[in-house]
Amino acid sequence: MNRGPAQKVVLVALNSPGYRSLALGYVRAYAQNDQRLAGKSGFLTLDLDVNVDPWWVAYRVAELGPDVVGLTVTCWNARSVYDACRIIRQVLPSVFIVLGGPEVSPIAEDVLRSQPAVDAVVRGEGEETFAELLSTLLRGRSPWRVEGVTARHDGEVVSAPDRQLIADLDSIPSPYLTGAIEPAEGTAYVETYRGCPHRCGYCFEGKGFGRIRSFSRERVEAEVAFLAQTAGLRSFTFIDPVFNLTHERLEWLSGVMEPFARRGVRLHTVEVDIERIGPDEASLLQRAGVASVETGPQSTGARALEICRRPFDRDRFVAGVEALRSAGIRVECDLIVGLPGDTPADVMEGMRFVAELDPGMLQMSTLHVLPGTDLWQRATEVGLAFDPAPPHEVVSTAEIGFADLRRLEVMGNALMAHYRARR
Amino acid sequence: MLRFREVSLNSGVEAACRRCVGAGAFEATDPSPAAPEDVPDSGSAHAGDAGVFLTDTGTLDLDTLLDHVSRVSAATGVSRIGVRASGSQLADVASAHRLLASGVRVVEVVFLGSVPERHDALTGVPGSFARAAAAVRACFDAAADLGVKVAVRGRVGLCAHNLQEAPATVMHLAELGVTSVVLDCDPGLDVRRSSEWVAAACDTGTVNRIWVAVKGMSEASLGDKALHAHDVIESDGGPA
């Protein structure tokens, strides 16, 4: 009689509708490939919408009878994840619940203290740490000594030392090529490197993943070729922080994507460093099938840009938008309301700048002070007040009070709605 | 922000308080409204203009209004054409459908009150409130039918006769789902007596996630609501 694996592991992601968690795909692919777990651990992934009732999430998990439940947490799904964990704990008192992801990783000890249903948090890159955690649990050992894990020990919350970042990203098996994640119908998410060349104060990317590490070109090309065979695939989404990291890399990616672009497959909202885009780069993006790009400026206020350590050259920015527009690529310009250093006049000047630039699409969002970011750490110093509960929305800044921030949000939403209303 | 060139069609204000300007204010202010080909400057848009806004359409029938839209569209090539209306031209989905199909993407409908009794009494036109509200709904329905994005703005002409109803009027517009509201303050309003009501109307918009822009009051008079002196649509010389 097949009694199933000794350790049943259920991985849960509460995603934006239609999305599948690439992060869980990596974690699962790595663990499935770990010899210590081979034949002993079985994996199942639940990719659910963030709007799903936490009681239903708990029901789905409980029906699978897991020994370990791993959930990935962002600022957007944290409340739902915590609700689901609380219910799962009541239904399955002995299950081991472990969290990971950018929302909990930098504040692991606080999370364990405030969420009694949670047993452990995996900090930083999850692949190696999660696999070792599972191996430790299989051997009946306590998890609190596993590098990169924060767990409970003798009634205390204890953090083991940080784990080094994975030096060779190719040591992580491809979640697509191993079948750890099924390509979603319509679009496929691809990551070609980790880290970011920028250190923007509001962003986790540059701080959380440190230096830039790339997957090999052969690996990326194999994934793209595999995904391109997916029935109904219409687009790729590259989650790299900067698609045009270097000109040489852009040339390579353009060549990789060109055959699929000719078949009508498009790349949507790739993030670019627009100030390094001229006619040549725009042409390469066009060749790759890029239909739209996403970029800043986030703010045009000199003080906010300085505090956030973000460069902005107005002329080069405008030139980049014009080059892309000439190539028929739609540009989404993003602005953040509530950056420290920005006055109401600065925020409105930013709105005026992007509206007059007429990039094709505007996106205004309110600052979320994310755990682990530079602004999170310097909040008091720069005069930021924010909601300590996720998604950590800014409450006020030294320059803009609570009420005016809410007004600027509403004004920004109105600008977006009016901007979109066109032939 | 989004700068629109305002073009008057000289065909009467869309709706105004007849107690302020006398009986017949809702009628044409010009006995001979402009023919499309006679409207000055309607064929030119300035560089950097996000669109063109047609105003003073009060007595125009829909066909004539569409002629104007067509001419402006062909002459300027702008991607956004706005129309300010009383609602009488657009009170049914078929009319709104024709307007949006002609290329109009911003529709501003004038309200003078939050209830029919007040609005109709001030315009002097029975049924005008119901038509204005129907026009807003018709624009959204037509946009959904056509699969286009439309911005519907409420424009509230504020005077001494409806000042205290400003918050309720903004609330009514929020319930109708408008994209933003302009409070167009009569120059004769006593700033000291009116600022409290204008402020309450602005707050009503904010808590309902609708931007309320105030025209005709300085930032200084708006006090801690000074941001509301700014609009997302600006015309030559200030908020539209």
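The values are calculated or read from the model by the stated rules, or taken from the named source; none is laboratory data. As the structure is a computational prediction, the values presented were derived from the model and not from experiment. Quick reminder, even Gly has a Cβ in these numbers, built from the backbone with ideal geometry, and neighbours come from all protein chains shown.
Does any residue of region A:52-59 turn out to be more than 26 Å from A:GLU147 (Cβ to Cβ), modelled with pLDDT of 95 or more and small (Gly, Ala, Ser)?
Looking through region A:52-59, at least one residue is more than 26 Å from A:GLU147 (Cβ to Cβ), modelled with pLDDT of 95 or more and small (Gly, Ala, Ser).
Among A:LEU305, A:LEU250, A:LEU245, which is the only one that is touching a residue at least 40 places away in the same chain (Cβ under 8 Å), crowded, with 19+ Cβ neighbours inside 10 Å, out of contact with any Cys (no Cβ under 8 Å at 6 or more places or on another chain) and of a type in the set (A, V, I, L, M, F, W, C)? Outline the logic, then answer.
Numbers: A:LEU305 fails: touching a residue at least 40 places away in the same chain (Cβ under 8 Å); A:LEU250 fails: touching a residue at least 40 places away in the same chain (Cβ under 8 Å).
Exactly one residue qualifies, and that residue is A:LEU245.
Restricting attention to helices (runs of 4 or more DSSP H) lying wholly within region A:360-423, give those where 2 or more residues are at the interface with chain B (Cβ under 9 Å from one of its Cβ atoms) and free of Cβ contacts under 8 Å to residues at least 24 places away in the same chain.
Values: elements: A:374-377, A:379-382, A:402-420.
Per the criteria, A:402-420.
Give me the helices (runs of 4 or more DSSP H) completely within region A:236-338, filtered to those with at least 1 residues that are more than 25 Å from A:GLY412 (Cβ to Cβ) and in contact with a Ser or Thr (Cβ under 7 Å, 6 or more places away or on another chain), ordered by residue number. I'd like the intermediate steps shown before the answer.
Values: elements: A:247-262, A:279-287, A:302-307, A:314-326.
Counting at least 1 such residues, we get A:279-287.
Restricting the first residue to region A:181-205 and requiring it to be closer than 24 Å to A:ASP170 by Cβ, which pairs with a second residue that is at pLDDT below 90 and of a type in the set (S, T, N, Q) meet a Cβ separation below 8 Å and a spacing of at least six or different chains?
Close Cβ pairs satisfying both conditions: A:PRO183/A:THR230; A:ALA188/A:THR230.
List pairs: first residue in region B:188-211 and in contact (Cβ under 8 Å) with a residue 60 or more places away in the chain, second residue not aromatic (Phe, Trp, Tyr) anywhere in the structure, Cβ distance under 9 angstrom, at least six positions apart or on different chains.
Short answer, once both residue conditions are applied: B:GLY188/B:CYS20; B:GLY188/B:CYS159; B:GLY188/B:ALA160.
Specify which of the listed residues (A:LEU92, A:LEU99, A:LEU138, A:LEU134) is closer than 24 Å to A:TYR30 by Cβ, surrounded by fewer than 23 Cβ atoms within 10 Å (Cβ to Cβ) and not polar (S, T, N, Q). Before the answer, list the steps.
Values: A:LEU92 fails: closer than 24 Å to A:TYR30 by Cβ; A:LEU99 fails: surrounded by fewer than 23 Cβ atoms within 10 Å (Cβ to Cβ); A:LEU134 fails: surrounded by fewer than 23 Cβ atoms within 10 Å (Cβ to Cβ).
Among A:LEU92, A:LEU99, A:LEU138, A:LEU134, only A:LEU138 is closer than 24 Å to A:TYR30 by Cβ, surrounded by fewer than 23 Cβ atoms within 10 Å (Cβ to Cβ) and not polar (S, T, N, Q).
Please pick out the residue among A:SER135, A:SER21, A:SER94 that is more than 22 Å from the chain's Cα centre (by Cα), among the polar types (S, T, N, Q) and more than 18 Å from A:ARG152 (Cβ to Cβ). Break it down stepwise before answering.
Values: A:SER21 fails: more than 22 Å from the chain's Cα centre (by Cα); A:SER94 fails: more than 18 Å from A:ARG152 (Cβ to Cβ).
None of the other options fit; the residue is A:SER135.
Within the bounds of region A:154-171, is there any residue that is buried (at least 20 other Cβ atoms within 10 Å of the Cβ) and among the hydrophobic types (A, V, I, L, M, F, W, C)? Walk me through how you get there before you give the answer.
Step one: of region A:154-171, the residues buried (at least 20 other Cβ atoms within 10 Å of the Cβ) are none.
No, every residue in region A:154-171 fails to be buried (at least 20 other Cβ atoms within 10 Å of the Cβ) and among the hydrophobic types (A, V, I, L, M, F, W, C).
Yes/no matrix, rows are residues, columns are (1) within 14 Å of chain A (Cβ to nearest Cβ); (2) surrounded by 24 or more Cβ atoms within 10 Å (Cβ to Cβ):
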{"position": "B:VAL115", "(1), (2)": "no, no"}
{"position": "B:ARG118", "(1), (2)": "no, no"}
{"position": "B:ALA135", "(1), (2)": "no, yes"}
{"position": "B:PHE140", "(1), (2)": "yes, no"}
{"position": "B:ALA143", "(1), (2)": "yes, no"}
{"position": "B:PRO167", "(1), (2)": "no, no"}
{"position": "B:MET171", "(1), (2)": "no, no"}
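Of the numbered conditions (1) more than 14 Å from every other protein chain (Cβ to nearest Cβ); (2) surrounded by fewer than 24 Cβ atoms within 10 Å (Cβ to Cβ); (3) at pLDDT 95 or above, B:ALA101 fails exactly one; give the number of that condition.
(1)
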